[in-house]
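To start, the structure itself, in structure tokens.
The values are calculated or read from the model by the stated rules, or taken from the named source; none is laboratory data. Source: prediction; values computed, not measured. FYI the Cβ positions are ideal-geometry reconstructions off the backbone, even for glycines, and counts take in every protein chain you see. Please note that ligands, DNA and RNA were not included when accessible areas were found on the heavy atoms of the full protein model with its side chains. Shrake-Rupley method; radii C 1.70, N 1.55, O 1.52, S 1.80 Å.
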Amino acid sequence: MKNLRFIFAAAGVLALSSCSQTTRTTDKNKVVADSVAQEINSLTAQKALFAEMEIKDTIKIGDLVQLKFTVYNKADSVMQFCKWHTPFEPLISKYLDIKNESGEEVAYKGAMAKRIMPPPASSYMKLNPQDSVSMDVDLLKGYAINDAGKYTISYNSENMSGLVVRDSVSFVYIK
């Protein structure tokens with residue numbers, strides 16, 4: 001909670017510093033903004049619970065387009081994350097953005113679940129200290145990946161699951 005309070009406070013400082021009546025940026029404002037940005041990046045880097053995605057570099061049309069999603073707990077205590085909008089539940093939400101090399105988004109064709117908020121306790125997964133858990137998902141079951149080409153996948157549901165996925169992954173779909 002302390003981290004969230006700091007982030008909200010930092011966002012407020014950034015918002016207020018950008019509301020100046022002059023269009024000049026003073027050195028003092030720049031120093032404050034840079035300091036806040038560095039602190040936010042530091043907090044994100046220190047987050048003990050994060051995920052990574054892996055996929056084969058090249059996949060033949062007709063084969064599974066299998067994405068491996070791994071969650072890591074680098075903390076010294078048990079941590080938990082919401083499994084909604086992750087591969088740890090059936091494919092019932094669009095938690096990935098998949099784009100072709102032209103930047104066009106691949107259509108999501110899976111189910112879209114309506115959720116009650118806040119998530120019930122049963123929607124969370126616990127992960128022991130210094131442990132990880134992985135799940136594979138066949139992207140063809142939820143996304144219309146039909147044409148040969150290069151595709152980039154990024155995770156879009158950090159706000160729901162609480163998981164940070166720093167990097168996108170790419171693959172080439174060939175005939």
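Long-range amide H contacts for Lys150: which residues qualify at under 5 Å (H placed 1.01 Å from N, peptide plane, sequence gap of 5 or more or a different chain)?
Under 5 Å from the amide H of Lys150: Glu101, Tyr173.
For region 89-175, what is the accessible area per residue in Å², given a 1.4 Å probe and the full set of protein chains? Mind showing how you got there, number by number?
Details: 5120 Å² over 87 residues.
Using a 1.4 Å probe on heavy atoms only, each residue of region 89-175 averages 59 Å².
Rounded to whole Hz and in sequence order, give me ³J(HN,Hα) for region 140-147 from the Karplus expression 6.51 cos²θ - 1.76 cosθ + 1.60, θ = phi - 60°, writing x for Gly and Pro.
5, 6, x, 10, 8, 8, 10, 9
Once you put a point 7 Å from the Cα of Asp136 and another 7 Å from the Cα of Ile116, both along the Cβ direction, what distance in nm separates them?
3.5
When the chain is fully extended, how far beyond the present Cα-Cα distance does Thr70 get from Ala148, taking 0.36 nm per residue of separation?
On the way: separation 78, 0.36 × 78 = 28.08 nm, distance 2.67 nm.
Gain on stretching Thr70 to Ala148: 25.4 nm.
Long-range amide H contacts for Asp131: which residues qualify at under 5 Å (H placed 1.01 Å from N, peptide plane, sequence gap of 5 or more or a different chain)?
It is Asn73, by chain and number.
Could you name the aspartates and glutamates whose alpha carbon sits less than 20 Å from that of Lys68, not counting residues in the same chain fewer than 8 places away?
Straight-line reach from Lys68, under 20 Å: Glu52, Glu54, Asp57, Glu89, Asp97, Asp131, Asp136, Asp138, Glu158, Asp167.
So which of Lys60/Lys114; Lys60/Lys83; Lys83/Lys175 end up more than 32 Å apart, counting from Cα to Cα? Before the final figure, lay out each step's value.
Numbers: Lys60/Lys114 34 Å; Lys60/Lys83 30 Å; Lys83/Lys175 34 Å.
Cα-Cα > 32 Å for Lys60/Lys114; Lys83/Lys175; rest within.
Ordered by residue, what ³J(HN,Hα) values in Hz, to whole numbers, does region 78-86 give under the Karplus form 6.51 cos²θ - 1.76 cosθ + 1.60, where θ = phi - 60° and Gly and Pro are x?
Residue by residue, region 78-86 yields 5, 10, 9, 9, 7, 7, 4, 6, 9 Hz.
Suppose R0 equals 41 Å. What FRET efficiency, 1/(1 + (r/R0)^6) with r the Cβ-Cβ distance, do Val172 and Glu89 give to the nearest 0.05? Present the calculation step by step, with values, prior to reporting the outcome.
Details: r = 29 Å, r/R0 = 0.70.
About 0.90, to the nearest 0.05.
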